[in-house]
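Take a look at the structure below.
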Amino acid sequence: MKITHDALAEKFIADEPRTDWHDETLWFVRAKRDKAAHGLPEWEQLREWGSQIKNRTLSNLSNYLIEFEKNALANGIKVHWASDAKEHNEIVHEIIKKHKIQKIVKSKSMLTEECHLNEYLHHHGIEVVDTDLGERIVQFRKEPPSHIVLPAIHLKKEDVSATFHEHLQTEKGNNDPQYLTEAARQHLRNKFVESDLAITGVNFAIAETGGFVVCTNEGNADMGAHTAKVHIACMGFEKLIPKAEDLSVFLRLLARSATGQPITTYSSHFHKPRPNQEMHIVIVDNGRSKQLGREDFRNSLKCIRCAACFNTCPVYRRSGGHSYHTAVAGPIGSILNPNLDMKANADLPFASTLCGSCSNVCPVKINIHEQLWKWRQVIVSEGYVATGKKVGMKGASFLFSNPKMYRLIGKIGRWGMRAFPLMINNKANPWFKQREMPEAPKESFRDWYLKNGKNKS
C-alpha cells in the first residue's frame, strides 16, 4: 500500500527543529523572489507576456512541434519522440548501446526523474552520475530530490558532511561549505573527463530555430555537453516556445522566481552538434496530451519549473518534498501528478490550504489553487477518496445545511470540550497531534451577536 502525503509529512515534522529550519529557509528564498520581482516595474507585464506566449504555444502545439523538428533536423540534431516514460528510457538506452557507452554524466533533468531513467539504466548495468551538486548529494544518499530547483534543500551542511565522508572520504566532521564544495568539484571533474555521453534537460526549446536552452548555476550542463562525444537532451513537449525573442521574457522570469537572482549564471544555447559530436533530443508526452485535453487543467502545462510555488506554500514548507512521493512535489506537482495516475496521487490535491499564494507568485499565471480545488472534485467523483473522509464530508454537509442542528451540536461540543477536555486532547484526534487545541468559547458568535451586535451597530 502506498504511503500517503499525510503519513509521510508526519514523519518529516517529527523533527520539529529541522521542520522549522526548512520552513524558514524556503521562506527566505521566497523573500528573495519578492525583492527581485519588486525591483522590476514591468514585472506584472512580464508575467502576462509569459502567460500569453504559453497560451499561444499550447493552442498551436502541433504546428510548433513540427516546426521545431524540421529546424532541429536541419541543424543536424537527431529528433526522437516518446509517448511515455518507458519509451523515453528505451530510446536513451538504444543510443547508449549503439555507442557502447558505460559511463554517463547527467545535468539536472526533472523529466528523467519523472521517467525514472537512473533506475532503468542502473538495472542495465550503466552508471549515471548526476552532476548538479544537490542532485549528486541525494544520489549518494539514494534519495530522490525533494525540490525541483534545490534538490537537497531538506539537508543541512552536517548531513552533507557525513554523506561526503562516507562516499568521498572527506574529513569527518568538517562542515565547512567551501571544503565540501571543493571535494565535490574534484570528484565530479573526473566524472566529466571519463564520460563519453552527457544527458541534459531542456528549459526552453525554440520552434523558430530548432535549438534549445539549458539554464544552470554551476555550469555542469556545459561541462558535460562540451566534453562528451554524444549529447542527449530530454524534454517534455511543454518546454516549447515559438520564437527566439520570447526567451527574453522567460529568462527574466525564471531565475527571479526560482532563487531571486536577476538571471541564471549559465543560460546555454544549443543549436547544433559540434564537429564529430552527435546530438539527440527526445521529446516526451507521458500524459501531457491528456492534460492538454483537460480544459480545467491545461494551464498547468505552462509551468517553467521555477518552484516559486514550492517556496511559498505553507504545506510544502512544513511537510517537505519527499512527503509528495512523486518526482515533482509541491503545488504544481499536486496538479500534474493526478493526471499521470489519479489513484496513486489522489491524496496530493488535498495537501493544500487553497490559500492562493502559489497562484500569486507563479511567473506564468497558472491558477494553481483553483486547479487543486477542481482536482478534489474530480477525485471525489471518481471514487478515489477514503471512505472515512467521504462519510465525514457528507455529515458536515448535512450539519451545515441545518442551522438548528448546527447550533445544537455546537452547544454540546463547547460544553463537552470544557467539561471533558480529554475527549479532544488525545492522539485519536488528528488535529491534536501537531497543535494545541484552542480553549472552547462559552458561547457561539451568533449568540454573542444577538446579545451585543445590534446594540453596537
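The values are calculated or read from the model by the stated rules, or taken from the named source; none is laboratory data. Just so it is clear, the structure is predicted and the values come from calculations on it, not from any experiment. Methodologically, a virtual Cβ is constructed for each residue, glycine included, from the backbone with ideal geometry; neighbour enumeration extends over all protein chains shown. To get the accessible areas, we keep the full protein, side chains included, count just its heavy atoms, and leave off ligands, DNA and RNA. Shrake-Rupley method; radii C 1.70, N 1.55, O 1.52, S 1.80 Å.
Here are the numbers:
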| item | result |
| --- | --- |
| Filter result (more than 40 Å from the chain's Cα centre (by Cα) and part of a helix (DSSP H, G or I)) within the range 423-457 | F445, R446, D447, W448, Y449, L450, K451, N452, G453, K454, N455, K456 |
| Residue tally, condition open to solvent by 80 Å² or more (accessible area, probe 1.4 Å) and in a helix (DSSP H, G or I), over the range 60-89 | 6 |
| Flag for W49 being under 15 Å from R318 (Cβ atoms), of a type outside the set (D, E, K, R) and in a helix (DSSP H, G or I) | no |
| Of residues in the range 8-44 being assigned to a loop (DSSP other than H, G, I, E, B) and touching a residue at least 12 places away in the same chain (Cβ under 8 Å), the one farthest from I366 (Cα to Cα) | I13 |
| Any chance G416 is touching a helix residue (DSSP H, G or I) at 6+ places or on another chain (Cβ under 9 Å), surrounded by 10 or more Cβ atoms within 10 Å (Cβ to Cβ), within 30 Å of A7 (Cβ to Cβ) and not hydroxyl-bearing (S, T, Y) | yes |
| Given (1) modelled with pLDDT under 95; (2) in contact with a His (Cβ under 6 Å, 6 or more places away or on another chain), number of the condition M279 does not satisfy | (1) |
| The listed residue being more than 17 Å from A258 (Cβ to Cβ) and open to solvent by less than 10 Å² (accessible area, probe 1.4 Å), out of P349, P314 | P349 |
| Criterion violated by T163 - all others in (1) open to solvent by 60 Å² or more (accessible area, probe 1.4 Å); (2) within 29 Å of the chain's Cα centre (by Cα); (3) of a type in the set (V, I, T) satisfied | (1) |
| Whichever residue in the range 4-59 is of a type in the set (V, I, T) and more than 25 Å from S300 (Cα to Cα) and, among such residues, is nearest to the chain's Cα centre (by Cα) | T25 |
| Failed item, numbered, when G134 is tested on (1) over 26 Å from the mean Cα position of the chain (by Cα); (2) within 24 Å of D222 (Cβ to Cβ); (3) free of Cβ contacts under 8 Å to residues at least 60 places away in the same chain | (1) |
| Selection count, the range 384-404, where residues are in a loop (DSSP other than H, G, I, E, B) and surrounded by 10 or more Cβ atoms within 10 Å (Cβ to Cβ) | 4 |
